[in-house]
1. Tell me, yes or no, whether the stretch 15-28 has at least one residue that is free of Cβ contacts under 8 Å to residues at least 12 places away in the same chain and either surrounded by 15 or more Cβ atoms within 10 Å (Cβ to Cβ) or touching a strand residue (DSSP E or B) at 6+ places or on another chain (Cβ under 8 Å) (or both).
2. When the residues of the stretch 137-157 are narrowed to those that are free of Cβ contacts under 8 Å to residues at least 12 places away in the same chain and assigned to a helix (DSSP H, G or I), which ends up surrounded by the most Cβ atoms within 10 Å (Cβ to Cβ)?
3. From the list 149, 184, 130, 189, pick out the single residue that is at pLDDT 95 or above and under 19 Å from residue 86 (Cβ atoms).
4. Is it the case, given these coordinates, that residue 136 is closer than 30 Å to residue 116 by Cβ and assigned by TED's automatic domain parsing to the domain that holds residue 30?
5. When residue 123 is evaluated against the numbered criteria (1) within 25 Å of residue 90 (Cβ to Cβ); (2) under 17 Å from the mean Cα position of the chain (by Cα), which criterion, by number, is the only one it fails?
6. Residues in the stretch 180-200: is at least one closer than 20 Å to residue 66 by Cβ and exposed (fewer than 14 other Cβ atoms within 10 Å of the Cβ)?
7. Looking at this structure, is residue 162 crowded, with 16+ Cβ neighbours inside 10 Å, touching a helix residue (DSSP H, G or I) at 6+ places or on another chain (Cβ under 6 Å) and either modelled with pLDDT of 95 or more or not in a helix (DSSP H, G or I) (or both)?
8. Of 224, 235, which residue is under 18 Å from residue 152 (Cβ atoms) and free of Cβ contacts under 8 Å to residues at least 40 places away in the same chain?
């Protein structure tokens with residue numbers, strides 16, 4: 001981990017405006033939050049299970065994930081995170097972490113002191129409501145993932161995850177024309193969806209063979225959005241996005 005200087009909380013603004021309306025004053029208040037930027041390398045943890053952090057982290061660049069590890073070493077990924085996300089916002093009110101947050105790629109992370117966020121919400125009640133909305137949407141995503149792991153087919157789980165990640169990236173301007181970065185590995189996908197690496201590979205190969213997606217290195221191209229959403233039984237309501245869904 002290294003420490004860098006600079007600012008980049010405009011991404012936090014971009015993320016929050018994808019789910020709610022912010023005034024100009026509220027946007028300026030967010031961008032003025034004190035923070036330290038730290039750079040984490042792939043596989044490093046930002047915060048660990050049982051930590052008692054005094055800050056919340058916002059991804060400024062790179063991809064992160066929340067996860068738990070069982071006694072036998074098996075990992076369950078709980079969510080993937082993209083720039084603008086605040087994956088440990090709940091630590092503002094829950095003092096002890098009950099899971100870990102790590103990074104998948106080299107990532108710049110803004111560390112915002114809890115007290116600064118408390119002052120922000122006291123001075124701007126609408127921002128407090130929007131941050132609450134963000135955590136409620138996280139809960140909606142957890143419900144959707146639980147439904148997928150418990151009841152969707154392997155094809156449906158993989159297709160659903162690809163649809164979700166594309167829409168989240170599209171909402172903050174990091175994807176367009178059904179093309180986006182996808183730096184997660186097949187192992188990551190398997191640990192998120194409860195599938196083996198071999199099974200994930202088969203599902204991706206099948207989606208490619210059917211002309212629904214193309215994977216080139218660390219990027220995803222969705223060739224048939226309608227068909228992919230049909231396989232996934234994908235209903236984007238749970239993301240509660242302001243920006244129109246791409247047609």
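The values are calculated or read from the model by the stated rules, or taken from the named source; none is laboratory data. Everything numeric here is computed off the predicted structure, so don't read it as measured data. Positions of Cβ are generated from backbone atoms using ideal geometry, with glycine treated the same way; all protein chains shown enter the neighbour counts.
1. No: the stretch 15-28 contains no residue that is free of Cβ contacts under 8 Å to residues at least 12 places away in the same chain and either surrounded by 15 or more Cβ atoms within 10 Å (Cβ to Cβ) or touching a strand residue (DSSP E or B) at 6+ places or on another chain (Cβ under 8 Å) (or both).
2. 147
3. Selected residue: 130, the only one of 149, 184, 130, 189 that is at pLDDT 95 or above and under 19 Å from residue 86 (Cβ atoms).
4. yes
5. (2)
6. Yes: one or more hits.
7. So residue 162 fails the test.
8. When all the criteria are applied, what remains is 235.
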